[in-house]
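Some notes on the structure that comes next.
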Amino acid sequence: MNTLRTGILLAGLTALLLGFGYLLGRETGVLIALIVSLGMNAFAYWNGDKMVLGMHGAHEIDRASAPEFYDVIAELAQRAGLPMPRVYIMDNPQPNAFATGRDPAHAALAATTGLLDRLSREEVMGVMAHELAHVRNRDTLTMTITATIAGAISMLANFAMFFGGSRERDNGMGVVGGFLMMILAPIAAMLVQMAISRSREYAADRGGAEISGQPLALASALQRIENAAHQIENVTAEENPATAHLFIINPLSGHGMDNLFATHPSTENRIAALEEIAREMGAIRATGSYRPVPATAGPWARAQRSVRRPWG
C-alpha cells in the first residue's frame, strides 16, 4: 500500500510540474519544465549523496577505525541481502541518522556521535536497520527525485514571478490566476513531497524491524531521538533544512505532529505501529505492554566491552 501510495503521489508531483509548465508557457513551458527537471535529477543522481554528506560534515570510517559499529552495519546488511554500504559518522551531539545514495550498490549510512553515545547497542541496530530498509526500498532515490521535482517547480515559480509569467493573458488565467499559481504550485509540491517522505518512513520502520528482529528497540530509539531533538540543536541541519526529511527523526524541531506540514509521521504513531509489528513477530509477552529500554541503559560505547569509542 505504501509503495502504491508513493507511486500515485510521485505521478501527481510530476503532473503538477508539467501542468505548471504548460500554464506558464504552453508547449514551450512543458519543454522547459522537463529540461529543468531532468537536469536537476541527473545532477542529484550522481552527486546528491556527496553533497548531503559534505553538508553534515560526515567522515567515512572503516572496520579498523570503528570495528564495533562497522561490524553491526555489516551484519545488518547481510541480513537485509544488501551489499556493504559506505559508513559515515557525523560529529554531532544530537542522536540521529540517515541513508543516502542512488542505489544499494552506492549506498551510504551516516550516524551522529550523539546516536552512538546515547543509545544502547540494540537501539543503534534498530536505527541502522531502518536506514538499510530505506536503501533496500530505494527510498533514497525516490526522495532525491521528489526533492528535485519540487525544486524544479519552485525554480519555475521564481522564474515566472521575476519575469511576470508567460502568456498570462493567453492562457485564460489572467494576472491574478497566474500569480496564485506561482504561490500555490510550490506549496502543493512541498505537501506532496512531505506526504511521500512520511509514507516511506512507515515502510522503513517495518523493514527495519524485520531486518533487526527487534521492533521494540527501534521504537525505544525513536522515542529517545525525538526527546533529544527537542533539547539538542543540530547545527548543520539548521543550516541545511532541505535535508531534514532524510533523517530518521526531524532534526530541526522534533515535532511529532502527524499533519500535512510534517516531514515525518508522528513518533507516537510510529511507535504504535512498531508495537503492532512486535505483536505480529511475537516479541511482546502476555502483558502486551511496551517497555522501552531504560534511560539508564548503557550507551553504545559502554555496551561494546571496550573503552574505545566506536568512531575511533
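On the given criteria, is residue 155 at pLDDT below 90, surrounded by fewer than 21 Cβ atoms within 10 Å (Cβ to Cβ) and not aromatic (Phe, Trp, Tyr)?
Considered against the rule, which asks whether it is at pLDDT below 90, surrounded by fewer than 21 Cβ atoms within 10 Å (Cβ to Cβ) and not aromatic (Phe, Trp, Tyr), residue 155 comes out as yes.
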Selection within region 72-87 - surrounded by fewer than 22 Cβ atoms within 10 Å (Cβ to Cβ) and touching a residue at least 12 places away in the same chain (Cβ under 8 Å): 72, 79, 80, 81, 82, 83, 86
Near pairs, Cβ below 6 angstrom, 6+ apart or cross-chain, from region 103-129 (touching a residue at least 12 places away in the same chain (Cβ under 8 Å) and closer than 10 Å to residue 212 by Cβ) to any residue that is part of a loop (DSSP other than H, G, I, E, B) and polar (S, T, N, Q): 122/214; 126/214
Say whether the condition of being at pLDDT 75 or above, within 12 Å of the chain's Cα centre (by Cα) and buried (at least 23 other Cβ atoms within 10 Å of the Cβ) is met by at least one residue in region 179-200. yes
Go through (1) hydrophobic (A, V, I, L, M, F, W, C); (2) buried (at least 22 other Cβ atoms within 10 Å of the Cβ); (3) in contact (Cβ under 8 Å) with a residue 60 or more places away in the chain one by one and return the number of the condition residue 32 breaks. (2)
Would you pick out the residues in region 48-75 that are under 19 Å from the mean Cα position of the chain (by Cα) and of a type in the set (A, V, I, L, M)? 51, 52, 53, 55, 58, 73
Listed by first then second residue, the pairs whose first member lies in region 201-228 and is closer than 20 Å to residue 251 by Cβ, whose partner is in a helix (DSSP H, G or I) and β-branched (Val, Ile, Thr), with beta carbons under 7 Å and at least 6 positions apart or on separate chains, are 218/127; 219/271; 221/127; 222/267; 222/271; 223/267; 223/271; 226/267
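The values are calculated or read from the model by the stated rules, or taken from the named source; none is laboratory data. Quick caveat, the model's predicted, so the values are computed rather than measured. For neighbour counting, all protein chains shown are included, and Cβ atoms are generated from backbone atoms with ideal geometry for every residue, glycine included.
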